[in-house]
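Q: Input: one structure, supplied below.
The values are calculated or read from the model by the stated rules, or taken from the named source; none is laboratory data. The model shown is predicted, which means the values in this text are computed figures rather than measured ones. Note that we place each Cβ from the backbone using ideal geometry, even for glycine, and neighbour counts take in every protein chain shown. SASA here: full protein model, heavy atoms, side chains in, ligands and nucleic acids out. Shrake-Rupley method; radii C 1.70, N 1.55, O 1.52, S 1.80 Å.
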Amino acid sequence: MEKVKFQQVNLEDPFFTSLKEDYNGFEDWFQRKSDSDAYIQKKDDGELEAFLYLKIEEGVVEDVSPKLPEGKHLKVGTFKIDAHNTKLGEYFIQMIMRVAVYEQVGDIYVTIFEKHEGLVNLLKRYGFELRGTKGNPENPESVYVKSMTAVSDDLCKCFPFVHTNGKNKYMLSVYPDYHTPLFPDSILNTEQRNRDALIKDVSHTNSIHKIYLCRMDGVEQLVPGDILVIYRTNDGQGPAYYRSVATSICVVEEVKRPSDFKNLNEFIKYTNAYSIFDEKKLRGYNSVQNNF
């Protein structure tokens with residue numbers, strides 16, 4: 001992902017075709033934003049595959065119906081992703097949430113046409129609720145809002161907040177080879193020079209959800225809602241005191257055992273999207289093979 005000025009982005013990129021079709025005056029609006037910042041991601045051939053524009057708004061939001069009340073809002077002005085099965089949408093959801101937390105806004109709102117079903121469902125999953133409409137009554141955009149103060153029992157809708165009251169807390173170790181590709185936001189300063197090699201546009205890197213495979217005693221006692229402190233173990237380059245570190249906070253969604261799957265293929269389907277291991281590696285584990 002890159003943070004760039006609008007003027008650095010090629011408006012003639014085929015990526016923008018659907019946006020031009022959806023919004024009259026999109027090109028004029030884009031030109032007026034020439035000095036504004038946007039977050040983008042490109043394909044290997046240089047064409048865009050994701051674009052995100054965020055804007056802080058203060059006061060009452062009057063151009064939606066019903067109006068959003070007085071407050072500090074984060075508007076997702078433009079959000080488009082060309083999905084390609086790498087959970088890129090989740091990565092951009094993380095970016096939106098990160099800005100919202102940093103800016104201490106009361107809510108986030110997005111205007112979007114309902115025909116973009118995949119993106120709408122993604123927003124709903126992480127706590128955005130339909131609150132109103134905007135624009136032409138004959139073809140309105142829906143207005144989805146996520147409160148940054150509301151509390152929910154749904155872990156996804158609560159994201160990115162971690163509720164600690166009454167929760168068990170544990171430390172979970174991750175080997176250095178797996179740590180940064182699995183938790184890219186927790187890359188160490190000493191790894192920054194190798195960032196491009198460590199962080200790729202793949203599912204387990206982009207995803208909000210992670211699957212951790214292990215045979216450690218005690219893990220089966222975890223329950224949904226438990227809090228995990230991710231501990232990057234020693235890399236063997238010096239004493240653990242200087243080379244190992246607690247880097248991330250996670251919340252347990254569910255715990256699975258081999259007996260929970262009917263067969264190996266069901267296990268692979270469940271784990272492959274969010275585990276750092278590819279299908280070949282997953283199928284090769286003796287501990288997995290012996291359970292099916």
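Q: Taking the chain as a Gaussian network, where each spring joins two C-alpha atoms under 10 Å apart, which residue of Phe261, Phe277, Phe15 fluctuates the most?
A: Phe261
Q: On a 22 Å Cα-Cα criterion, which of the cross-link pairs Lys42/Lys124; Lys20/Lys87; Lys42/Lys87; Lys124/Lys169; Lys115/Lys210 come out too long?
A: In this structure, Lys42/Lys124; Lys20/Lys87; Lys124/Lys169; Lys115/Lys210 lie more than 22 Å apart at Cα.
Q: Related question: Roughly how many Å is it from the Cα centre of the range 47-78 to that of the range 179-235, as a whole number?
A: Using only Cα atoms to place each centre, the spacing works out to 32 Å.
Q: FRET efficiency for Asp13 and Lys262, Cβ-Cβ distance as r, R0 = 45 Å, nearest 0.05?
A: FRET efficiency, Asp13 to Lys262: 0.50.
Q: For the chain, what is the calculated [θ] at 222 nm in deg cm²/dmol (nearest 500), taking -39500 (n - 2.57) for each run of four or more DSSP H residues and dividing by its residue count?
A: The per-residue figure over the chain is -6500 deg cm²/dmol.
Q: Okay, moving on. Please give, to one decimal in nm, the separation of the simple spin-label points placed at Asp196 and Glu57, each 7 Å out from Cα toward the Cβ.
A: The answer from the label model is 3.9 nm.
Q: While we're here: Stick to Cα atoms and the Kirkwood definition of Rh, then tell me Rg/Rh for the chain.
A: 0.99
Q: Just check the range 133-200 against the gyration tensor rule for me: Cα atoms, a ≥ b ≥ c as the square roots of the eigenvalues, rounded for a/c under 1.5, and otherwise prolate or oblate depending on whether a/b exceeds b/c.
A: oblate
Q: Here is a follow-up. With springs connecting C-alpha atoms under 10 Å apart, model the chain as a Gaussian network and identify which of Tyr170, Tyr39, Tyr242 has the largest mean-square fluctuation.
A: Tyr242
Q: Ignoring ligands, DNA and RNA, what accessible area per residue does the chain give at 1.4 Å, in Å²?
A: 58
Q: With respect to the cross-link table entries Lys146/Lys280; Lys43/Lys75; Lys55/Lys167; Lys3/Lys280; Lys67/Lys167, which display a Cα-Cα separation exceeding 29 Å?
A: Distance filter (> 29 Å) returns Lys146/Lys280; Lys55/Lys167; Lys3/Lys280; Lys67/Lys167.
Q: Considering amide H positions built from the backbone, and no H for Pro or chain starts, which residues 5 or more places from Gly132, or on another chain, come under 5 Å of its amide H?
A: Residues meeting the amide H criterion: Val143.
Q: Could I ask something else about it? On the protein heavy atoms, probe 1.4 angstrom, tell me the percent of accessible surface of the chain carried by carbon and sulfur.
A: Its accessible area is 46 percent carbon and sulfur atoms.
Q: List every residue whose amide H lies under 5 Å from the amide H of Ser248, counting only residues 5 or more places away in sequence or on a different chain, with H placed 1.01 Å from N in the peptide plane.
A: So Ser248 has HN proximity to Ile230.
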